[in-house]
Amino acid sequence: MSISRRGFLESSALAGLGPGFCLGKNDPLSTAATPEVAVIMTAMTYRSHAHVIMENFVQPYMFNGQKTEPGVNVVAMYVDQFPAGDMARGIARKYGIPIYDTIQKACSLGGAELKVDAVLSIGEHGDYPFDELGRHQYPRKRFFDEILKCVKKSGRGIPIFNDKHLSFRWDWSKEMFDQSMENVCPLMAGSSVPLAQRIPNLELSPGCEIVEAISIHGGGVESYDFHGLEVLQSMIESRKGGETGVARLQFLDSNAVLEKMEKGEISREIFDKAMRAVDSEANLSFEEIIKTSHGIHLEYKDGLMATCLSIKQIKGNNWAFGCSLKDDSAIKACRFYVGPWNNRNLFKALSHSIQTHFKNRSSPYSIERTLLTTGMVNFAMDSKFAGGKILPTPQLEIAYLPKEFRSMREMGSTWKILTEETPQPKGFFQQYR
């Protein structure tokens, strides 16, 4: 059901919509039972991942210009920390969702056996330490292990979503992947950014032959590198032969980035085209831009060369991709537009994908993508700690065939309704008027 911008904003006291609300074609959950979901989170404060994901799980939201029902029922929460500005307690009261003091109680609704149909695990934000390599020690593996205890006790596998990369340690990440397979728990994970609108709408043909690829972001080491790697991987995984995995990688400081560009090991032409896509009004010189850069240089098993670059002069929530193709002289490039409010609204597309996963018991895009990008981040931090050493990565020779996920992407219709001028609500989306 497509509606006008004014109609949407006037009707956005969304909690007033009853169960008979007519769903649009984008709703994948309208023909089957409603999964009951436990939400496990580190903390919920304004604009945290728990906030901007969960607001799309307790009320209808916009996706590709249509009001879409979540089609799931949040029945339990576990909250690891309650910092200043906590929103979790107020949301629990408002929506009648109990907060349990352990993960196992949340998954069993206070009983002894598994009672939920799916688990949404959001291990991002909150006060957690960094390890000696600078990796943020979010408790995603601990959350997963506690969920799995309940699963094993019941003998019933359920779909799980893990926000962002799997763990700050590679061995733990691989164990999460393996355990999800062994216990028939369909696992989905990853970033929201591959679901963003592509401007221009760049669609690489399945089976295309990519010579070199670059993704660009404006954020910091590890946390934003992961987003940039997911953007890169989501674009190149459908190349000829499918994904073959990464044979070796190297963390690059700004001097190493410049050296590789001067040697032609990173294409200046692709870089320039991608930079123009993400920031067409940039007025800094190339030398000024590169001074504050860092990157991760990747050599894939099939010979593809790719680089994820951080360029500090662009805003953190801007992303770009560029590549060259065999037998095509034109460089391809696009930006990934995350929508108004500095990417908050892009979590509507991610929420839609998660709900599809919970309904279908199958991730709409390959979990191997996130396993691979998780490994890239982890080994890149090892390379950084070793002074930018080139590291062989036989652990990352992960081959897989990608899934077509276009139906999960925001194609831009929502931004005709929610514009950059639309005021951002301070709480959950239903406070909109």
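The values are calculated or read from the model by the stated rules, or taken from the named source; none is laboratory data. Everything quoted here is computed from the prediction, not taken from an experiment. For neighbour counting, all protein chains shown are included, and Cβ atoms are generated from backbone atoms with ideal geometry for every residue, glycine included.
Considering Ala112, Ala118, which residue is of a type outside the set (Phe, Trp, Tyr) and under 22 Å from the mean Cα position of the chain (by Cα)?
Numbers: Ala112 fails: under 22 Å from the mean Cα position of the chain (by Cα).
Criteria check complete, one pass: Ala118.
When only residues in region 54-93 that are out of contact with any Cys (no Cβ under 9 Å at 6 or more places or on another chain) and of a type in the set (Gly, Ala, Ser) count, which is surrounded by the most Cβ atoms within 10 Å (Cβ to Cβ)?
Filtering region 54-93 for residues that are out of contact with any Cys (no Cβ under 9 Å at 6 or more places or on another chain) and of a type in the set (Gly, Ala, Ser), the one surrounded by the most Cβ atoms within 10 Å (Cβ to Cβ) comes out as Ala88.
Table: residues versus (1) acidic (Asp, Glu); (2) over 24 Å from Ser363 (Cα atoms); (3) at pLDDT 95 or above.
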site	(1), (2), (3)
Ala386	no, yes, yes
Pro392	no, yes, yes
Gln395	no, no, yes
Ala399	no, no, yes
Ser407	no, no, yes
Leu418	no, yes, no
Thr422	no, yes, no
Lys426	no, yes, no
Phe429	no, yes, no
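Consider Phe271 against the criteria (1) without any contact (Cβ under 8 Å) to a residue 60 or more places away in the chain; (2) surrounded by fewer than 24 Cβ atoms within 10 Å (Cβ to Cβ): it satisfies all of them except one. Which criterion is unmet?
Here Phe271 clears every test but (2).
Please name all residue pairs, on different chains or six or more residues apart, with Cβ atoms under 9 Å, provided the first residue is in region 33-45 and is free of Cβ contacts under 8 Å to residues at least 12 places away in the same chain and the second residue is surrounded by fewer than 24 Cβ atoms within 10 Å (Cβ to Cβ) and in a loop (DSSP other than H, G, I, E, B).
Ala33/Asp117
Residues of region 326-385 being of a type in the set (Lys, Arg), surrounded by fewer than 22 Cβ atoms within 10 Å (Cβ to Cβ) and either more than 25 Å from Gly245 (Cβ to Cβ) or assigned by TED's automatic domain parsing to the domain that holds Asp163 (or both), which ones?
Arg344, Arg361
Looking at Ala189, is it of a type outside the set (D, E, K, R), in contact with a strand residue (DSSP E or B) (Cβ under 6 Å, 6 or more places away or on another chain) and farther than 18 Å from Glu36 by Cβ? Working first, answer last.
Values: of a type outside the set (D, E, K, R): yes; in contact with a strand residue (DSSP E or B) (Cβ under 6 Å, 6 or more places away or on another chain): yes; farther than 18 Å from Glu36 by Cβ: yes.
Spelling it out, Ala189 is indeed of a type outside the set (D, E, K, R), in contact with a strand residue (DSSP E or B) (Cβ under 6 Å, 6 or more places away or on another chain) and farther than 18 Å from Glu36 by Cβ.
Among the numbered conditions (1) outside any helix (DSSP H, G or I); (2) charged (D, E, K, R); (3) within 30 Å of Val211 (Cβ to Cβ), tell me where Lys384 comes up short.
If we test Lys384 against (1) outside any helix (DSSP H, G or I); (2) charged (D, E, K, R); (3) within 30 Å of Val211 (Cβ to Cβ), just (1) comes out false.
Find the residue count for region 378-398, including only residues that are closer than 25 Å to Leu187 by Cα and out of contact with any Lys or Arg (no Cβ under 8 Å at 6 or more places or on another chain).
Qualifying residue count, region 378-398: 5.
Just to verify a result, which residue in region 203-260, among those that are β-branched (Val, Ile, Thr) and surrounded by fewer than 20 Cβ atoms within 10 Å (Cβ to Cβ), is nearest to Ser366 (Cα to Cα)? Write out each step before concluding.
Here is the first cut: in region 203-260, the ones β-branched (Val, Ile, Thr) are 210-211, 214, 216, 221, 231, 236, 244, 246, 257.
From what is left, the residues that are surrounded by fewer than 20 Cβ atoms within 10 Å (Cβ to Cβ) are 211, 221, 244.
Numbers: Val211: 23, Val221: 24, Thr244: 14 Å.
Looking at residues that are β-branched (Val, Ile, Thr) and surrounded by fewer than 20 Cβ atoms within 10 Å (Cβ to Cβ), I get Thr244.
Going by the structure shown, is Phe321 under 30 Å from Gly427 (Cβ atoms) and either assigned to a strand (DSSP E or B) or acidic (Asp, Glu) (or both)? So that I can check it myself, show each step before the final result.
Numbers: under 30 Å from Gly427 (Cβ atoms): no; either assigned to a strand (DSSP E or B) or acidic (Asp, Glu) (or both): yes.
For Phe321, the condition - under 30 Å from Gly427 (Cβ atoms) and either assigned to a strand (DSSP E or B) or acidic (Asp, Glu) (or both) - is not met.
Determine whether Ser285 is within 21 Å of Lys263 (Cβ to Cβ) and at pLDDT below 95.
Values: within 21 Å of Lys263 (Cβ to Cβ): yes; at pLDDT below 95: yes.
Spelling it out, Ser285 is indeed within 21 Å of Lys263 (Cβ to Cβ) and at pLDDT below 95.
What helices (runs of 4 or more DSSP H), lying completely within region 70-182, carry at least 1 residues that are acidic (Asp, Glu)?
Numbers: elements: 88-95, 103-108, 140-154, 170-182.
Answer list for region 70-182: 140-154, 170-182.
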